[in-house]
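One structure is given here, and the rest of the page talks about it.
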There are 2 protein chains.
Amino acid sequence: MAFLDHIRACNAYSLGDFVPFRVGPAKAGWIRRELSLELRRFGSLFHVFEDLVHLEPNLRTAADRTEAVAEALAVLAEDGVIGRLRGEMYPVIESLGAEPLFEIDRGVATEFGIANRGFHLNGLVGEGADTRMWVARRALTKSTFPGRLDNMVAGGHPAGLSARENLLKECAEEAGIPEDLAARAIPVSMVSYTMEVPAGLRRHAFWSYDLRVPADFVPQPVDGEVHEFLLMPVDEVARIVETSDEFKYNCNLVIIDWLMRTGRLDPEHPDFHALSVGLHQPWP
Amino acid sequence: MAFLDHIRACNAYSLGDFVPFRVGPAKAGWIRRELSLELRRFGSLFHVFEDLVHLEPNLRTAADRTEAVAEALAVLAEDGVIGRLRGEMYPVIESLGAEPLFEIDRGVATEFGIANRGFHLNGLVGEGADTRMWVARRALTKSTFPGRLDNMVAGGHPAGLSARENLLKECAEEAGIPEDLAARAIPVSMVSYTMEVPAGLRRHAFWSYDLRVPADFVPQPVDGEVHEFLLMPVDEVARIVETSDEFKYNCNLVIIDWLMRTGRLDPEHPDFHALSVGLHQPWP
């Protein structure tokens, strides 16, 4: 196990089994060929070719596309072709700064390989060698990665919120961080990768924030997403990342990025360049 | 002009006019086809094929290769086929953590497209909105980029020095920074790119360091590389980078990276992801 192994794991994919999902000329995502065949039953909505899925071009507004796709997804979820829908909408964007093409249930973000934004927040106490990091242990009842370690706060980016609004909302909901404290978080990086999983393609880009919290502040699980919060010396956090899979997969990248940004990775580390490149990948 | 334009300029290249330069199985660099034809006159040293230049495999040690290549370069420089040799040696490496294959004069690093390490240092005074940055104006007599703005200290990485030794050496030579102050510099990032220029291919990776200096410290040009040092508000530095080419080309990237790491780039900036990816590129 090494830092680079986490980056390789998050950047392992092959597009051979996927077809592009297009909305007009825009690249909206990637869909497994197998799932694309299932979409054929909605022939007036999804135009399925051998090497492409094209959304019906006569759906001209984002709202029309959102509604039509949601109806099809409800049928597919009912039939067990796709996983559980969440009732929370993600914007479908071609690139990070682009206007949303439409909105889609977050439960199928990976199945449709849509570009998925979000943020991770490093909660920090103290200075220099005495720096400690607040680490969350995910609720044991969560459907994804129960009991694994996590950054202090993290969240996907739902439709309709600004980056700052989502940050403040998740800080309050996940860790009981009051707004005036959460507002001090500093956006310092973006970690991005594409990762193939059985369900599809995770195309993720997370803003990374650093937040210094007072020594007497203790985060509180509010919405039940977190089992407990642990305050760990950063050397211990680095050791866990370097030697294990205790952290949820993408949290490792956020912490490696933090170690690099704060002078905690030796410039002579043989993987310095590979880590730097691997943390900041373009999307296919 | 925009931040992304600087990144695009530093990552503009096409390999169509280059052939790989190999030492055994290792990729040592890239050479313009036109220059590769000139190497044919050293047929026992450079084996020149249509799609490859291969260094004589019977040169088994780094020292043997260094000596043989230096002899050939002296002839080529004498004949004006390549530019001026500098008498300073760079290690030839396949990747950042790899053992040097041999050493080559820094004057032909671009002609041979070798992977070129170095560092840039951001000299910083003050905190928060009052932060100022020490900026160097390059000597008007320099052969490269005379009179352009530069980071406080920067330097290529010569053979035989550690990253830290080179940092301390250049800080003393270029800006008169005493060793105990320079030693406080923190390695915080790596900026990497590949850039085609008439002479060949710049394959660069620079460690970026941040150094906070006391308000009463004033850097002094020592070795004549710097015309003057200027202490600028960071908003002014950011404006110059965003709107002009006043900085030497790669210094723009170091400053954009600094702006991102310190929360000075809005997460909603439409190029946030493209900038993040573009600052940290792999080498061909």
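The values are calculated or read from the model by the stated rules, or taken from the named source; none is laboratory data. Keep in mind it's a predicted model, so treat the numbers as computed, not measured. Ideal geometry is used to build each Cβ from the backbone, glycine not excepted, and the neighbour counts take in all protein chains shown. Just the protein is used for accessible areas: all its heavy atoms, side chains included, with ligands, DNA and RNA removed. Shrake-Rupley method; radii C 1.70, N 1.55, O 1.52, S 1.80 Å.
Averaging over all projection directions, the Cα-based convex hull of the range B:1-151 occupies 12.1 nm² in the image plane.
How high is the relative contact order of chain B, given as a whole-number percent (alpha carbon pairs under 8 Å, six or more residues apart)? Before the final figure, lay out the partial values.
Details: 549 pairs, mean separation 58.8, N = 284.
Once divided by the residue count of chain B, the mean separation gives 21 percent.
Restricting the range B:1-102 to GluC sites (Glu not before Pro) that sit in a DSSP loop and have at most 15 other Cβ atoms within 10 Å of their own Cβ leaves B:Glu50, B:Glu88. Distant-in-sequence amide contacts of B:Arg22, defined by a placed amide H-H separation under 5 Å and a gap of 5 or more residues or a different chain, comprise B:Ala28, B:Val53, B:His54, B:Leu55. On a C-alpha basis, how far is the centre of the range A:34-72 from the centre of the range B:151-173 in Å? Whole number, if you could? If you average the Cα positions of each part, the centres end up 57 Å apart. Seen against the Cα atoms of chain A and their longest principal axis, helix A:163-175 is set at about 60 degrees.
Just to be sure I understand: of the beta bridges DSSP finds with both ends in the range A:13-94, what percent are antiparallel, rounded to 5? Rounded to the nearest five, the antiparallel share is 85 percent. Among the chymotrypsin sites (Phe, Trp or Tyr not before Pro) found in the range A:14-95, not one is both in a DSSP coil and sparsely packed, with 16 or fewer other Cβ atoms within 10 Å of its Cβ. Take every Cα pair under 8 Å whose residues are at least 6 apart in sequence, average their separation, divide by the length of the range A:198-284, and the relative contact order is 19 percent. For the range B:14-158, averaging the sequence separation of C-alpha pairs within contact (under 8 Å, six or more residues apart) and dividing by the residue count gives a relative contact order of 18 percent. Only beta bridges with both residues in the range B:78-209 are counted; by DSSP, about 75 percent of them are antiparallel. In terms of the Cα gyration tensor, with a ≥ b ≥ c the square roots of its eigenvalues, is the range A:33-84 rounded because a/c is under 1.5, prolate because a/b exceeds b/c, or oblate? Taking the square roots of the gyration eigenvalues as a ≥ b ≥ c, the range A:33-84 is oblate. Per residue, the convex hull spanned by the Cα atoms of the protein assembly as shown amounts to 165 cubic angstrom. Of the listed residues B:Leu37, A:Leu168, B:Leu231, B:Leu201, the order by accessible area with a 1.4 Å probe, largest first, is B:Leu37, B:Leu231, A:Leu168, B:Leu201. Its convex hull of Cα atoms gives the range B:62-170 a direction-averaged projected area, equal to a quarter of the hull surface, of 8.8 nm². Sequence-ordered 3J(HN,Hα) estimates for the range B:233-249 from the Karplus curve with 6.51, -1.76 and 1.60 and θ = phi - 60° stand at x, 5, 5, 5, 4, 4, 5, 4, 5, 6, 10, 8, 10, 5, 7, 3, 3 Hz, glycine and proline given as x.
Amide H contacts of B:Ala199 (H built 1.01 Å from N, in plane; Pro and chain starts excluded): no residue 5 or more places away or on another chain comes under 5 Å. Across peptide A:180-192, how many C-beta atoms of other chains are within 10 Å of each residue C-beta, on average? The per-residue average across the peptide is 3.
Answer rounded, prolate or oblate for the range A:155-284, using the Cα gyration tensor with square roots of eigenvalues a ≥ b ≥ c: rounded when a/c is under 1.5, else prolate when a/b is larger than b/c, else oblate. Spell out each step's value before the answer.
Details: a/c = 1.64, a/b = 1.23, b/c = 1.33.
Oblate.
With the charge dipole of the range B:116-237 set up from +1 on Lys and Arg Cβ and -1 on Asp and Glu Cβ about the Cα centre, the Cα lying farthest toward the positive end among the listed residues B:Ala182, B:Gly118, B:Ala154 is that of B:Gly118. I'd like the GluC sites (Glu not before Pro) in the range A:107-187 restricted to DSSP loop residues with at most 11 other Cβ atoms within 10 Å, sorted by number. Qualifying residues, ordered by number: A:Glu127.
If only the Cβ of Lys and Arg carry +1 and only the Cβ of Asp and Glu carry -1, the dipole of chain B around its Cα centre is close to 380 debye.
When the helices in chain A are scored as -39500 (n - 2.57) per DSSP H run of 4 or longer and the sum is shared across all residues, what 222 nm value do you end up with, to the nearest 500 deg cm²/dmol?
On the way: 8 runs with 78 residues, N = 284.
Rounded to the nearest 500, it is -8000 deg cm²/dmol.
The long axis of helix A:62-78 is offset from the longest Cα principal axis of chain A by roughly 90 degrees.
Counting only protein heavy atoms and a 1.4 Å probe, the protein assembly as shown has 41 square angstrom of accessible area per residue. Please report the antiparallel percentage of DSSP beta bridges with both residues in the protein assembly as shown, rounded to the nearest 5. The answer is about 75 percent antiparallel. For the protein assembly as shown, with the dipole built from +1 on Lys and Arg beta-carbon atoms and -1 on Asp and Glu ones, taken about the Cα centre, which of A:Val218, B:Met195, A:Phe229 lies farthest toward the positive end? Toward the positive end, the furthest listed residue is B:Met195. Take each residue of peptide B:92-98, count the partner chain Cβ atoms within 10 Å of its Cβ, and average: the result is 3.
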